[in-house]
There are 2 protein chains.
Amino acid sequence: MSPRHLLIVAHGSRRLASNEEVRRLAERVRDLRSPGIDHVESAFLELAEPDIPAGLDRCVALGAREIVLFPYFLAVGTHVAEDIPEAVAAFRARHPDVAVRVTGHLGASEALPRAILEVAATQEPVRGV
Amino acid sequence: MSPRHLLIVAHGSRRLASNEEVRRLAERVRDLRSPGIDHVESAFLELAEPDIPAGLDRCVALGAREIVLFPYFLAVGTHVAEDIPEAVAAFRARHPDVAVRVTGHLGASEALPRAILEVAATQEPVRGV
C-alpha cells in the first residue's frame, strides 16, 4: 500500500499554547503507530503555521501518496463546509497523483461519544473538592 | 451509588446549528447507556442556553447527587482554566450536598488520539474524489 499520511487540521489560534496542543496531539496520534497510517502531521486553517496547503505539501514531501485529512473541529461551520474543501480542491489541481480524503469532523465522529464516556469513567471518583 | 450525571459543557456559538450539534452529542452519549452515568446533559459557557449554572441546577432537579462536568473544548484557555472552575465553585457554595468533578478537557483526553485513528481508519479507502 502506498504511504498514507494523516493530516490533522485545526482552526489555529492567537494563543501559541493552543496551537502547541494540536501539534502535541498529532504526536500522540503518531505514537500510537496505527498500521493503517504511516505518518501524522498537523496544519492550521489560519493564525498558525503550517497552513493547509503547506501541510498537504509537507505530507507529499515526506512521501505521502494518500492523505487522510481530519478536520479537528467541534462543529460544522464555514471552515469545515467550505474552506477545507476549497483548499483540498486546490491541492488536487496541483497534485493529481496524490489521493486525498476528508473525513467527517471531530464533533460528528462515531468515536466521540465513547471517548467522552471514557474520560468520565476512567478518572478518580467524583469528589466535591 | 447515588445518581451520577454527566454535564457536557461547550463554549456556545451564535450559530444555532453548532449548539444543536452539542445537544445531539449529549443525546448520543446518553444513548450509549454507560453503567457509570445515569444521565447526560449539555450546557454552554455563553451564547446559548442553558448556561453552566442552569445546566448544573438542571442535573440537581433531575436527581443528580454527583455531577461529572466534561469541558468540551479543544484547548485550555481562559474558559477552561478560569470560567468553568468559577462556575463550579459558585455551584458548590449553593449545593454543598452535591459532588462535582471537572474532568480534563477534550483536547487533552487520553481517549482522543485513538478516536481520531478510528475516524481515519473506519471509513472507505482514500480516493481522490
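Where residues in the range A:100-111 are small (Gly, Ala, Ser) and in a loop (DSSP other than H, G, I, E, B), which of them is farthest from the chain's Cα centre (by Cα)?
Checked the range A:100-111; the qualifying residue farthest from the chain's Cα centre (by Cα) is A:111.
Does the range A:87-99 contain at least one residue that is in a loop (DSSP other than H, G, I, E, B), under 27 Å from residue B:110 (Cα atoms), more than 7 Å from chain B (Cβ to nearest Cβ) and under 18 Å from the mean Cα position of the chain (by Cα)? Give the steps one after another, and end with the answer.
Keep residues of the range A:87-99 that are in a loop (DSSP other than H, G, I, E, B), which gives A:95-98.
Filter once more, so that each one left must be under 27 Å from residue B:110 (Cα atoms): none.
No, because not a single residue in the range A:87-99 is in a loop (DSSP other than H, G, I, E, B), under 27 Å from residue B:110 (Cα atoms), more than 7 Å from chain B (Cβ to nearest Cβ) and under 18 Å from the mean Cα position of the chain (by Cα).
May I ask you to say which residue of A:100, A:60, A:88, A:76 is β-branched (Val, Ile, Thr) and under 19 Å from residue B:75 (Cα atoms)?
Values: A:100 fails: under 19 Å from residue B:75 (Cα atoms); A:60 fails: under 19 Å from residue B:75 (Cα atoms); A:88 fails: under 19 Å from residue B:75 (Cα atoms).
It is A:76.
Taking residue A:48, is it of a type in the set (A, V, I, L, M, F, W, C), within 24 Å of residue B:112 (Cα to Cα), surrounded by fewer than 22 Cβ atoms within 10 Å (Cβ to Cβ) and within 9 Å of another protein chain (Cβ to nearest Cβ)?
Values: of a type in the set (A, V, I, L, M, F, W, C): yes; within 24 Å of residue B:112 (Cα to Cα): yes; surrounded by fewer than 22 Cβ atoms within 10 Å (Cβ to Cβ): yes; within 9 Å of another protein chain (Cβ to nearest Cβ): no.
Here the answer is no, as residue A:48 does not meet what is asked.
Quick check, is residue A:57 charged (D, E, K, R) and within 18 Å of residue A:85 (Cα to Cα)?
Values: charged (D, E, K, R): yes; within 18 Å of residue A:85 (Cα to Cα): yes.
Yes; evaluated as a whole, the condition is true for this residue.
Name the single residue, out of those in the range B:60-79 being hydrophobic (A, V, I, L, M, F, W, C) and at the interface with another protein chain (Cβ under 9 Å from one of its Cβ atoms), that is surrounded by the fewest Cβ atoms within 10 Å (Cβ to Cβ). Steps first, answer last, please.
Keep residues of the range B:60-79 that are hydrophobic (A, V, I, L, M, F, W, C), which gives B:60-62, B:64, B:67-70, B:73-76.
After this cut, where a residue has to be at the interface with another protein chain (Cβ under 9 Å from one of its Cβ atoms) as well, the list is B:67-68, B:70, B:73-76.
Details: B:67: 26, B:68: 27, B:70: 25, B:73: 21, B:74: 24, B:75: 21, B:76: 17.
My answer is B:76.
Need pairs with beta-carbon distance below 8 Å; first residue at negative phi and within the range A:52-65, second polar (S, T, N, Q) and crowded, with 22+ Cβ neighbours inside 10 Å; sequence gap 6+ or separate chains.
Between residues of the range A:52-65 that are at negative phi and residues that are polar (S, T, N, Q) and crowded, with 22+ Cβ neighbours inside 10 Å, the close pairs are A:55/A:42.
Give me a count of the residues in the range B:80-96 that are crowded, with 17+ Cβ neighbours inside 10 Å, modelled with pLDDT of 95 or more and hydrophobic (A, V, I, L, M, F, W, C).
4
Scanning the range A:66-89 for residues that are among the charged types (D, E, K, R) and touching a residue at least 12 places away in the same chain (Cβ under 8 Å), which turns out nearest to residue B:14 (Cα to Cα)? Give the steps one after another, and end with the answer.
Going residue by residue through the range A:66-89, those that are among the charged types (D, E, K, R) are A:66, A:82-83, A:86.
Okay, now just the ones that are also touching a residue at least 12 places away in the same chain (Cβ under 8 Å), so A:66, A:83.
Details: A:66: 36, A:83: 19 Å.
Residue satisfying both the conditions and the ranking: A:83.
Please find, within the range B:1-40, the residue that is farthest from the other protein chains (Cβ to nearest Cβ) out of those that are assigned to a loop (DSSP other than H, G, I, E, B), touching a helix residue (DSSP H, G or I) at 6+ places or on another chain (Cβ under 8 Å) and crowded, with 16+ Cβ neighbours inside 10 Å. Explain how you work it out, then say what you get.
Initially, the range B:1-40 is screened for residues assigned to a loop (DSSP other than H, G, I, E, B), giving B:1-3, B:11-15, B:32-38.
In the following step, the residues that additionally are touching a helix residue (DSSP H, G or I) at 6+ places or on another chain (Cβ under 8 Å) were identified as B:11-13, B:32, B:34, B:36-37.
Restricting the remaining residues to those that are crowded, with 16+ Cβ neighbours inside 10 Å gives B:11-13, B:34, B:37.
Numbers: B:11: 8, B:12: 11, B:13: 7, B:34: 5, B:37: 6 Å.
By that ranking, first place goes to B:12.
Select from the range B:117-129 the residues that are modelled with pLDDT of 90 or more and either more than 7 Å from every other protein chain (Cβ to nearest Cβ) or surrounded by 19 or more Cβ atoms within 10 Å (Cβ to Cβ) (or both) and list them in ascending order. Give the derivation first.
The initial filter retains those residues of the range B:117-129 that are modelled with pLDDT of 90 or more, namely B:117-120.
Scanning the range B:117-129 gives B:117, B:119, B:120.
Suppose we filter the range B:101-116 for residues that are within 7 Å of chain A (Cβ to nearest Cβ), under 21 Å from residue A:12 (Cα atoms) and not small (Gly, Ala, Ser); how many remain?
3
Give the residues of the range A:1-31 that are of a type outside the set (D, E, K, R) and out of contact with any strand residue (DSSP E or B) (no Cβ under 9 Å at 6 or more places or on another chain), sorted by residue number.
Within the range A:1-31, the first condition is being of a type outside the set (D, E, K, R), and the residues that meet it are A:1-3, A:5-13, A:16-19, A:22, A:25-26, A:29.
Across the range A:1-31, the qualifying residues are A:16, A:17.
Which of (1) in a helix (DSSP H, G or I); (2) within 21 Å of residue A:25 (Cα to Cα); (3) in contact with a His (Cβ under 7 Å, 6 or more places away or on another chain) is the odd one out, the single condition residue B:73 does not satisfy?
Among (1) in a helix (DSSP H, G or I); (2) within 21 Å of residue A:25 (Cα to Cα); (3) in contact with a His (Cβ under 7 Å, 6 or more places away or on another chain), residue B:73 violates only (1).
The values are calculated or read from the model by the stated rules, or taken from the named source; none is laboratory data. Everything numeric in this text was worked out from a predicted model, so none of it was measured. Neighbour counts are summed over all protein chains in view; Cβ atoms, including those assigned to glycine, are modelled from backbone coordinates with ideal geometry.
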